[in-house]
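Here is the structure we will look at.
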Amino acid sequence: MTFLTEGPMNNPMTPNNPLTLNNCVRMPALGFGVFQSAPEETAVAVETALTAGYRHIDTAAGYGNEREVGEGIRRSGLDRDEVFIETKVWVSDYGYDQTLHAFEKSATKLGVTQIDLLILHQPMPQHFERTLSAYRALEQLLADGKVRSIGVSNFMPHHLTALREQTHVVPAVNQVELHPYFTQPAVQRANTELGIVTQAWSPIGGITFYPGWGENRASVLDDTTIGRIAEAHAKTPAQVMLRWHLQQGRSVIPKSTNAQRIAQNIDVFDFTLSDAELDAIDALDRGVRGGPDPDDVDPSTWDLEIPEP
Ligand code: A2P
């Protein structure tokens with residue numbers, strides 16, 4: 001299943017494989033994720049990732065580690081404009097003025113004046129008006145040059161439709177749960193039709209094996225089809241999954257705090273999966289989420305307050 005759009009979409013063999021977003025901003029397709037990275041581990045992990053060659057870091061106000069992401073970037077010695085920084089507004093900060101202020105909080109913690117990609121962490125289906133107000137604030141931040149691009153996360157096609165009907169700027173990115181056991185074809189199709197880059201969270205299926213996220217789950221890392229393909233290319237299952245995403249035009253943000261795995265996850269530009277192999281991985285889809293259903297999120301999680309810097 002390939003959802004590549006027409007146009008200057010990119011050569012997945014180039015390290016960092018820049019994707020051109022719908023407002024012409026270029027974003028390295030392969031980013032580094034820090035979901036569930038403890039603050040004390042995050043600065044080291046980010047510095048390690050940047051040294052290994054990553055040039056895109058994805059964090060979120062709700063992860064509580066933006067400050068450490070900024071610290072890791074500074075420790076790397078790279079210039080600010082060499083690193084693409086993506087972060088997310090948490091739902092407790094939705095609303096026009098609140099979201100404008102959420103930008104200030106995130107930027108201050110990250111230690112930057114401009115954020116490359118700012119996205120809404122999830123829709124609030126029961127309070128969609130507040131979601132829209134938050135998105136209008138992102139549009140304002142974009143117009144003011146405080147962010148270079150804007151987008152959404154965990155939006156299903158009907159959320160995208162409602163957003164498009166009532167706001168102006170097409171999101172550049174929609175970050176959703178996406179791995180071989182949950183490929184979300186309808187979301188991918190809707191994104192492509194609108195010119196939105198699909199960005200996979202849990203791209204190697206971490207959500208299928210995180211401790212404490214439910215019983216009887218099967219780890220994609222242990223899948224025999226992926227294992228067979230990995231063996232054929234002398235690569236690991238994680239590398240095969242990342243390659244599958246990149247060849248199908250998606251952005252990925254694998255998370256690791258382990259230096260070896262951080263390096264392994266960017267070492268994916270020296271092999272190519274055949275169409276048959278891509279199809280075999282597509283066929284693994286079980287249509288079952290590992291994470292929460294965006295239309296049925298536990299409202300108690302909305303209470304998380306994002307502290308002032
Ligand atoms: P760790 O941080 O100890 O490396 P995802 O980004 O799909 O949610 O996956 C993240 C999970 O996968 C984390 O538990 C991470 O643990 C683990 N992980 C990251 N890279 C690899 C890899 N190359 N092989 C196996 N596990 C990995």
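The values are calculated or read from the model by the stated rules, or taken from the named source; none is laboratory data. Worth saying up front: this structure is predicted, and the values here are computed from it rather than measured. We place every Cβ from the backbone using ideal geometry, glycine too, and count neighbours over all the protein chains shown. Ligands, DNA and RNA are stripped out before the accessible areas are found, and what is left, the full protein with its side chains, is counted by its heavy atoms. Shrake-Rupley method; radii C 1.70, N 1.55, O 1.52, S 1.80 Å.
Expressed to the nearest 5 percent, the antiparallel share of DSSP beta bridges inside the chain is 15 percent. Solvent exposure of T224, expressed as accessible area, is near 110 Å², computed with a probe of 1.4 Å over the protein chains only. Given a 1.4 Å probe and the protein chains as shown, L142 ends up with an accessible area of around 40 Å². Note on D144: accessible area approximately 90 square angstrom, rounded to 10, probe 1.4 Å, nucleic acids and ligands left out. Note on the chain: with a GNM built from Cα contacts shorter than 10 Å, the maximum mean-square fluctuation among A137, A38, A29 falls on A38.
Candidates A190, Q264, C24 compared by Cα position along the dipole of the stretch 19-284: farthest toward the positive end lies C24, with charges placed on Cβ. Relative contact order (percent) for the chain, with alpha-carbon contacts under 8 angstrom and 6 or more residues of separation? Relative contact order, the chain: 21 percent.
Between A186 and R74, the C-beta separation translates, for a Förster distance of 45 Å, into a calculated FRET efficiency of about 0.65. Mind counting lysine pairs for me in the stretch 19-284? Cα separation below 28 Å, and the two need to be 8 or more apart along the chain or on different chains. The result is 10.
Legend: calculated FRET efficiency, E40 to E305, from the Cβ-Cβ distance at R0 = 22 Å, rounded to 0.05, equals 0.55.
Ranked from largest to smallest solvent-accessible area, with a 1.4 Å probe on the protein heavy atoms, R289, R74 come out as R74, R289. Three semi-axes describe the equivalent ellipsoid of the chain; taken as square roots of 5 times the Cα gyration tensor eigenvalues and ordered largest first, they are 28, 22, 19 Å.
Pop out the Kirkwood hydrodynamic radius of the stretch 162-309 from its pairwise C-alpha distances, inverse of mean 1/r, in Å to one decimal. Here the Kirkwood hydrodynamic radius works out to 16.8 Å. Within the listed set D296, D116, D223, the residue fluctuating most in the Gaussian network model of the chain (springs between alpha-carbon atoms under 10 angstrom) is D296.
Highest GNM mean-square fluctuation among Q188, Q122, Q248, for the chain modelled with Cα contacts below 10 Å: Q248.
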